[in-house]
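Note sheet for the following structure.
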Amino acid sequence: MKQENIQQFRGTTILAVLKNGKLAMGGDGQVTFNNTVLKGNARKVRKIADGSIVVGFAGATADAFTLFERFEAKIKEFSGDMTRAAVELAKDWRTDRMLRRLEAMLLAGNNEKILLISGTGDVVEPEEGIIAIGSGGNYAFSAALALNDTSKLSAKEIVMKSLQIAARICIFTNSEIIVEEIE
């Protein structure tokens, strides 16, 4: 089948904010297929590793769950070292023939750091403790930067307000927001 005939799930907005030792990560609930909304209340953010790490995904759902499972296995393998687990997952993702085809992107965080993990081998820790992915990611990221700089809001409040702003702008993002928090 030609690539242009393959239709992909797209859209989503995931935002993570680390502030004052607290991590908040949230995502919208909309799942789209082309120009159709399939579901409005999907859960794209969840806790793993006995609740010590929050992960969120943008991209194909089945691919993301495969990556969640592999990431959690790496966390166990490396005794909770999130950075090492992320680097090893990124290496596997980049070099493994089956994993290379997965179309998703992950954010992972705890109360010390946030990491973006991609299939191109990237593991990025943001400078300012704020990062977003997905179709509405740039909108949420911009709002979070502004709110972080100009307000005394908590990490969770910044995530909620920023995702609400993104939902008003991005047609692939809705206002059914789920936020997970680690203190």
In segment 74-183, the chymotrypsin sites (Phe, Trp or Tyr not before Pro) that sit in a DSSP loop and have at most 15 other Cβ atoms within 10 Å of their own Cβ are F78
The local net charge around R43, scoring Lys/Arg +1 and Asp/Glu -1 for residues other than R43 whose Cβ lies under 14 Å from its Cβ, equals +1
Among K74/K152; K47/K161; K39/K156; K76/K152; K44/K152; K39/K152, the pairs whose Cα-Cα distance exceeds 32 Å are K74/K152; K76/K152; K39/K152
By the C-alpha gyration tensor axes a ≥ b ≥ c (rounded if a/c is under 1.5, else prolate when a/b exceeds b/c, else oblate), the shape of segment 87-183 is prolate
Relative contact order as a percentage, the chain, C-alpha pairs under 8 Å and 6+ apart, gives 32 percent
The alpha-carbon center of segment 29-101 and that of segment 109-132 are separated, in whole Å, by 13 Å
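For T61 and T36 in the same chain, what is the full-extension length gain: residue separation times 0.36 nm, less their Cα-Cα distance, in nm?
Here the answer is 7.4 nm.
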Length-normalised contact order of segment 21-89, Cα under 8 Å, at least 6 apart, in percent, tallies to 20 percent
Here segment 138-146 yields Karplus 3J(HN,Hα) values (6.51, -1.76, 1.60; θ = phi - 60°; whole Hz; Gly and Pro given as x) of 5, 5, 5, 4, 4, 5, 5, 4, 5
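Each value in this text was obtained by applying a stated rule to the coordinates, not by laboratory testing. Here the structure is a predicted model, which means the values were calculated and not measured. We place every Cβ from the backbone using ideal geometry, glycine too, and count neighbours over all the protein chains shown.
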